[in-house]
Amino acid sequence: MDDALFLHRLQFAFTITFHYLFPQLTMGLGLLIVIMKWIALRTDNECYNNSTRFWAKIFAINFAVGVVTGIPMEFQFGTNWARFSTFAGGVIGQTLAMESVFAFFLESSFLGLFLFSEKRLGPKMHFFAALMVFIGSWLSGYFIIATNAWMQHPVAYEVGANGNVALTSFWGLLLNPWIAWQYTHNMIGSVVTASFVVAAAGAFYLLAHKNEEYGKVFVRVGVIAGVIASILVAFPTGDGQVKNIVVHQPVTFAAMEGLFETREGAPLVLIGQPDMEKRRLDNPLHVPKMLSFLTYLHWGAEVKGLDAFPENTWPTNIPLLYYSYHVMVGLGTIFIAIMLGGIYLLWKKKLFTARPFLWVLMLAFPFPYIANTAGWWTAELGRQPWLVYGLMRTVDGTSTMVSAGNTLFTLLGFAGMYFVIGMLFLFLVVKTINNGPEAALKH
């Protein structure tokens, strides 16, 4: 891999990884705000109503930083990936434009109404504004996933005389069969993040013995939403997405599982280290025949390994792909265990006083961010060496006019700028949490 290609990929990976820290919370938090607002309407409980105001402030901070960090990514399509944009712009330009024009403006407009017009709107219209913010954020996610799904599994296109692709069916693009599992898996993953963040804030208040009424609301909502989302993100959505990969990208599946040789009754590897020189997993801890069963519902089914595919179609960084996938799956399993523990304590009416468990909830909130990031790394590393699967290789999509030095300069600039933005974001969020939900009544 030449220096320019490596730096183009590194810059996009850095900027998109940093950017996605923010939308994954807003998308999940949008749903939880709607739930809390609905409970407030049904019960006339002002604690839930004020909780929505508090989390709307956190939502707004995330939304603002997400917008700022998202803009440079679209510019990179033209600056660093010009040949890709020329090749695929006739297709992906449709969904990216709809995300900006429809979903973004729907979300941002109603967010303004929700934040600043509660008294004029009244309780029911204020709930409607919250609902529109949620729909806007999830619609935005759909258009972005539709773009990525086309890159993973291109449909509804034709190659023109100039060698570029053109869209043949608008609805074919939006109803790509790859989308269903990828979208639901991604959005429920965002609910997992939001549930842990809300529960962590509540645990903090209960441990600190301040805003305890709100702390109980946050922990209750976070744990109930979290256990549902943590299970759904594993099954059926995670299972469905993996089976998508088995059918359409079998070489990716083999790399994810660290399966170098085709096997009947293939084992499920829990732990192991890929050795690319010897083409094996070192120190594997595995469950016999389980991979065959989970994949094909048959204990003796054959699962194709990397040896069944030409080496030039293998993902370019198999160890990182393997570790990303296993980090995501491992953390997802831990999330289910934590939230089931929370539900048990809630049922026993011990959740709000179980200080060791509250510490677990409070300290666990960064891990869904890691799991969601690892999931996206799995998707993008797994598609390599293709930019558009089966149509354009990554090496063919870069901008020939942008040198390695140019990209290194902008990468360092982004790193410095995002450090400042990240510190400002943390300051505002910590200040909002320290001020507490009661502060929302003063604004």
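Since every read-out is calculated from the coordinates, none of them should be taken as a lab result. Predicted model only: the values in this text are computed from it and were never measured. Note that each Cβ is placed from the backbone with ideal geometry, even for glycine, and that neighbours are counted across all protein chains shown.
Applying the Kirkwood pairwise sum to the alpha-carbon positions of region 69-117 produces a hydrodynamic radius of 12.4 angstrom.
Comparing Leu167, Leu426, Leu291 in a Gaussian network model of the chain (Cα springs below 10 Å), the most mobile by mean-square fluctuation is Leu426.
In straight-distance terms, cross-link reach from Lys289 covers every one of the aspartates and glutamates whose alpha-carbon lies under 18 Å from its own, apart from those fewer than eight places away in the same chain; here that gives Asp239, Glu257, Glu261, Glu264, Glu302. Comparing Phe414, Phe134, Phe196 in a Gaussian network model of the chain (Cα springs below 10 Å), the most mobile by mean-square fluctuation is Phe414. Across the chain, C-alpha contacts under 8 Å between residues 6 or more apart give a mean separation that, scaled by the residue count, equals a relative contact order of 21 percent. Excluding same-chain neighbours fewer than eight residues apart, the lysines reachable from Lys431 by a Cα-Cα span under 18 Å are Lys57, Lys210, Lys442. Dividing the summed -39500 (n - 2.57) terms of all DSSP H runs of n ≥ 4 by the residue count of the chain sets its mean residue ellipticity at 222 nm at -24000 deg cm²/dmol. Here region 189-275 yields Rg over Rh of 1.23, to two decimals, using C-alpha coordinates and the Kirkwood radius.
In terms of surrounding Cβ atoms within a 10 Å radius of their Cβ, Ile58, Ile224, Ile71 rank from fewest to most as Ile71, Ile224, Ile58. Would you mind checking the tilt of helix 212-234 against the longest principal axis of the Cα atoms of the chain, expressed as 0 to 90 degrees and rounded to 10? On a 0 to 90 degree scale, this one is about 20. If I fit a long axis through the Cα atoms of helix 46-79 and take the longest principal axis of the Cα atoms of the chain, what angle between them do I get, 0 to 90°, rounded to 10? So the inclination is approximately 30 degrees.
Going from the fewest other Cβ atoms within 10 Å to the most, the residues Thr86, Thr15 appear in the order Thr86, Thr15. Fewest-first ordering of Leu115, Leu173, Leu10 by other beta carbons within 10 Å of each residue's beta carbon gives Leu10, Leu115, Leu173. Any chance you could give the angle, 0 to 90 degrees and rounded to 10, that helix 23-43 forms with the longest Cα principal axis of the chain? The angle comes out at about 30 degrees. Each part gets one Cα centre, and for region 25-104 versus region 365-413 those centres are 21 Å apart.
Cross-link partners of Lys124 among lysines, defined as those whose alpha carbon lies under 18 angstrom from its own and excluding same-chain residues fewer than eight positions apart: Lys37. Around the amide H of Trp386, modelled in the peptide plane, lie the amide H atoms of Thr394, all under 5 Å away and 5 or more residues distant in sequence or on another chain. Remark: region 81-90, residue by residue, has Karplus-estimated 3J(HN,Hα) of 10, 5, 5, 5, 4, 5, 5, 10, x, x Hz, where x stands for each Gly or Pro and the curve is 6.51 cos²θ - 1.76 cosθ + 1.60 at θ = phi - 60°. Across region 314-330, coupling constants 3J(HN,Hα) worked out from phi with the 6.51/-1.76/1.60 Karplus curve, θ = phi - 60°, read 5, x, 6, 9, 5, x, 5, 4, 4, 5, 4, 5, 6, 5, 4, 5, x Hz, and Gly and Pro carry x.
Pairs of alpha-carbon atoms within less than 8 angstrom and 6+ residues apart define the contacts here; what relative contact order does region 284-443 have, in percent? The normalised contact order for region 284-443 reaches 20 percent.
Fully extending the segment from Leu340 to Arg393 would add 14.7 nm, taking 0.36 nm per residue of separation and subtracting the current Cα-Cα distance.
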